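The values are calculated or read from the model by the stated rules, or taken from the named source; none is laboratory data. Every value quoted in this text rests on a predicted model; they were computed, and no experiment measured them. Every residue, glycine among them, receives a Cβ derived from its backbone with ideal geometry; neighbour counts consider all protein chains shown. These accessible areas exclude ligands, DNA and RNA; they are computed on the full protein's heavy atoms, side chains included. Shrake-Rupley method; radii C 1.70, N 1.55, O 1.52, S 1.80 Å.
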Amino acid sequence: MFKFLFLERFKILKSFFLFFILFSFLIRLALFIWSFSEISFSILNTIGVFILGLFFDIGSFSLLFLPISLLLTFIPKQWNGSILDKTAIFLFSGITAIIMHFSFVAELTFWDEYQKRFNFIAVDYLLYTYEVIESVQESYSLPLIISFILILTLLFFIFSSKLKSFSSTFSKTSSIKSRLPLLGFQIVIVLFFTAIIDNQDAEQFENQYEIELAKSGVYSFFSAYNANELNYIEFYKTLEQKDVFNRIKNILKEDNSKFDEGENPIKRTIVGNNNKEIRPNIMFVCIESMNANFMKHFGNKENLTPFLDQLANNSYSLTNLHATGTRTIRGLEAITMAIPPTPGRSIIKRENSKSLFNVSEIFNSKGYSSTFFYGGDSHFDNMLTYFGNNGFDVVDHKEEHRFEENIAGKRIQITDKESTFENAWGVCDGDLFNKVLNWTDEQESTGKPFFNFVMTSSNHPPFTYPANKIQKNENNSEREGAVKYTDYAIEQFMNKAKTKPWYKNTVFVFIADHNAYSAGRSELNVRKYHIPAFIYNLPNQQPKKSNKLCSQIDIFPTLFGFLDWKYKANWFGKDVRKMQTKDERTFISNHRKLGYRKNNDVVILDCNKDSRFFEWKKEDNSLTKIPMDIDIETEAISHYQSAYFLYKNGLLNSSNPI
């Protein structure tokens, strides 16, 4: 009955299958041992992880090796063993073997950074090969990795030759008709894994590490590629749109706000309390991957950030603020648009990322210049398109190999002469801040107030920075060394800024884009979304700590409240100072799971119209499943559904399109 599985023509495919399944098992075993301390070990779970993993490995194999199966099937019988046949089979086999072994090695480096199988980050990084290759080269020995991949490929060919796989494949004993059943069988498996099975079917365990181990890297990559933007209405729990809008309007209602007429439930005018607007310069610094727990201000004992701690202690500090996601562009989206995350990739990476309402529209209406600073090439992650077409000028370090992109704003280059040190992600933070200072001096001479948005990058793998700038003790990890350098660079920047004539009339805002580590045992690692955020040098404001639970989306509404501004708002953020206990909430998400936290209650909205409710315990960062609180679930759905609806229907577009 299954004789078609044993055709000699497909013997090379069988060699690939054995090699692929063996190495998939070895990778899973290596990651299992690597993460053993994080796993809730039980014999049944361990068996389940490896059986489910084998299931997904078979699906991955069917997807990855479909092209070579097509080739093996449709080369005519009379051409079997010909030069054309041998050339095609050897070429396809070589390329496929290199891709297979590359994926195995890449899984190890990806796990090292994210403790995840391939996901949307891997998909995004595929688009920016220059930065990724440079980063890998600076973090690992690239010649060693390439040599290892080539050795594995050579071993595969030796293994296949020993089994006489190639000689059997080139035999002339099977017609195309006799080969079709095996191809059809493989296509059925492919259709089964693309139409019926989903990557989230691996989520049969409570522990997130076990869930990731049960997945296949290749299958996870294909799944993430197909899910870069998820339709909220189709995949998530929804409510009647009219009811959602009414609830959101009620949630956002404040004494000093008046909603516009029309279908947009968040568009409103916010009026200052005293009608005494002040318009200082704004220097906004978004710090790459800065955990709250890196800072003594939040309880760290290692003195990694002495200067940032000093600043925070002399600022209005939002000590219970959380990032909305785990990527820089998700943080930039939340900060500039004050919007909860929508499922899939950040709006910044989507096709419709131009002429959207964002914070620059408010600044520009007040007569400010708005400028985005980035030490690398802002083409990465579509930052150039987003900022350059949403009211900002852009200052960055363009890579020579990239084409010039037309944007509505001006683009200013950080030149090679201005760079003393750079890595894959651009110039070091010290060089970036020097450019900010020089450019700000020019802005000051125009007489216009400035809004400068600075995105740092030194606290990012490969964690390299100029020598002899910090004291790194033997107990500090590479990451902690980068944290120390980031603190040093900000200290140098602030010391120089204090000598400038514009300093006294400048408010400085510091906030992280996201946390350095997002992996954990639970579905969403609540603690790992906690980030520092503080506003320094506010006029007539004494240092203060606010422990209200809030989000990145609230940072600019809070700043504008301090400045007593009247402005048009088309966002979900609120002035933290005006929040009552019932208003406190935060949004935490990954690519697919949308979390909403109130106090210690967490609701997670997931695909397939699913939702789960948990109690979060701060002491051990655990989530314990409890019966659903319908009111909190309704609030969560209202926020996420309305954010998606408004974006998809153009209701978050700018009032002054560029």
For the range 180-227, the count of residues that are touching an Asp or Glu at 6+ places or on another chain (Cβ under 8 Å) and part of a loop (DSSP other than H, G, I, E, B) equals 2
If you check Tyr140 against the conditions, is it aromatic (Phe, Trp, Tyr), farther than 19 Å from Thr328 by Cα and at pLDDT below 90?
yes
Practice item. Could you tell me whether Phe307 is in contact with a Ser or Thr (Cβ under 9 Å, 6 or more places away or on another chain) and not small (Gly, Ala, Ser)? Key: no
query = Of the residues that make up the range 517-536, is at least one surrounded by fewer than 19 Cβ atoms within 10 Å (Cβ to Cβ), at pLDDT 95 or above, part of a loop (DSSP other than H, G, I, E, B) and not acidic (Asp, Glu)?
reply = no
Of the residues in the range 9-61, those that are polar (S, T, N, Q) and part of a helix (DSSP H, G or I) number 6
When you look at Phe259, is it in contact with a strand residue (DSSP E or B) (Cβ under 7 Å, 6 or more places away or on another chain) and free of Cβ contacts under 8 Å to residues at least 40 places away in the same chain, yes or no? yes
Picked from the range 622-654 (must be free of Cβ contacts under 8 Å to residues at least 60 places away in the same chain and under 22 Å from the mean Cα position of the chain (by Cα)), the residue most open to solvent (accessible area, probe 1.4 Å) is Lys648
Taking the range 92-102 and the residues there that are of a type in the set (A, V, I, L, M) and over 16 Å from Phe10 (Cα atoms), the one that is least open to solvent (accessible area, probe 1.4 Å) would be Met100
Counted residues in the range 291-310 being more than 16 Å from Gln492 (Cβ to Cβ) and open to solvent by 20 Å² or more (accessible area, probe 1.4 Å) come to 9
Would you mind stating whether Lys366 is basic (Lys, Arg) and open to solvent by 30 Å² or more (accessible area, probe 1.4 Å)?
-> no
Counting only residues in the range 21-56 that are under 19 Å from Ser93 (Cα atoms) and under 29 Å from the mean Cα position of the chain (by Cα), the one least open to solvent (accessible area, probe 1.4 Å) is identified as Ser24
Of those in the range 62-89 that are in a helix (DSSP H, G or I) and free of Cβ contacts under 8 Å to residues at least 24 places away in the same chain, the residue most open to solvent (accessible area, probe 1.4 Å) is Ile83
Residue hits (the range 254-274; open to solvent by 50 Å² or more (accessible area, probe 1.4 Å) and either hydroxyl-bearing (Ser, Thr, Tyr) or within 30 Å of Arg592 (Cα to Cα) (or both)) are Glu263, Lys267
Being open to solvent by 20 Å² or more (accessible area, probe 1.4 Å), in contact (Cβ under 8 Å) with a residue 12 or more places away in the chain, touching a Phe, Trp or Tyr at 6+ places or on another chain (Cβ under 8 Å) and of a type in the set (Val, Ile, Thr) narrows Ile287, Ile251, Ile233 down to just Ile233
Going through the range 468-500 in order, the residues found to be open to solvent by 10 Å² or more (accessible area, probe 1.4 Å), under 23 Å from Gln137 (Cβ atoms) and in a helix (DSSP H, G or I) are Glu478, Arg479, Glu480
Residues in the range 580-620 that are open to solvent by 60 Å² or more (accessible area, probe 1.4 Å), of a type in the set (Asp, Glu) and in contact with a Leu (Cβ under 8 Å, 6 or more places away or on another chain) total 1
Result of the Cβ filter at 8 Å on the range 434-458, keeping first residues that are closer than 16 Å to Gly391 by Cα and partners that are open to solvent by 10 Å² or more (accessible area, probe 1.4 Å) and assigned to a helix (DSSP H, G or I), at least 6 apart or interchain, is Phe450/Gln443; Phe450/Glu444; Asn452/Trp439; Asn452/Gln443
Restricting attention to the range 345-359, the residues that are under 11 Å from Tyr386 (Cβ atoms) and part of a helix (DSSP H, G or I) number exactly 3
Quick one: would you say Arg345 is open to solvent by less than 20 Å² (accessible area, probe 1.4 Å) and of a type in the set (D, E, K, R)? no
Output for Cβ contacts, cut-off 8 Å, separation at least six or different chains, first residue in contact (Cβ under 8 Å) with a residue 60 or more places away in the chain and within 13 Å of Ser93 (Cα to Cα) in the range 144-157, second open to solvent by less than 90 Å² (accessible area, probe 1.4 Å) and of a type in the set (S, T, N, Q), reads Phe156/Ser15; Phe157/Ser93
Residue pairs within 7 Å by beta carbon, gap of at least six or interchain, first lying in the range 164-193 and within 21 Å of Gly59 (Cβ to Cβ), second open to solvent by less than 40 Å² (accessible area, probe 1.4 Å) and not in a helix (DSSP H, G or I), listed first then second, are Leu182/Leu7
- Task: Answer with yes or no whether Lys504 is under 22 Å from Pro343 (Cβ atoms) and open to solvent by 40 Å² or more (accessible area, probe 1.4 Å).
- Result: no
Filtering strands (runs of 3 or more DSSP E) wholly in the range 380-467 for at least 3 residues that are open to solvent by less than 30 Å² (accessible area, probe 1.4 Å) gives 393-396, 450-455
